[in-house]
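The structure appears right after this line, and notes come after that.
A short reminder: the numbers here are calculations on the coordinates, not readings from a lab. Since the structure is predicted, the reported quantities are computational estimates derived from the model, not experimental observations. Because the Cβ atoms are built from the backbone with ideal geometry, glycine has one as well, and the counts that use them run over all protein chains shown.
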């Protein structure tokens, strides 16, 4: 495992060592001690989530507020997604900035997103299975979000917006400025 820092403090791209042979492959997708050694974050995950979506499905940008905030470790089990983390920590020098990483079954990359970030992804392949570990339980009362096309955040989702499929709820999310 190798953790690559991003421009956002606390966000890391995780590169795993994959062992291939005639039977297929094997890799350790998470090891708490190695993760802490590489990132400086000692995280205890308590909930795993998985979704299956088709091309153009955009989920996000979501976060949990207050004591319900969640750190996430995300990856694509099948297909290809563009995964995005937005820094919404008001005291951060990178407040309002984002990182975008292509996660595929083939590249095996994972993205670690600490608490204090909004998160979303769009499916770039025909279908994708997306998996994420969370360090806190989901709490409906603590839901928050940002609109995917906030001009101040300016995310290049790598697809034409006419291909996007969003939930009704995600289409009504506020801008970052309106959260301030």
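The distance between label points at residue 51 and residue 107 comes to 1.9 nm (points 7 Å beyond Cα on the Cα→Cβ vector).
For segment 1-97, the gyration tensor built on C-alpha atoms gives an oblate shape. Its axis ratio a/c (a ≥ b ≥ c) is at least 1.5, and a/b is not larger than b/c.
The order of the peptides 48-59, 64-75 by mean Cβ neighbours within 10 Å, most packed first, is 64-75, 48-59.
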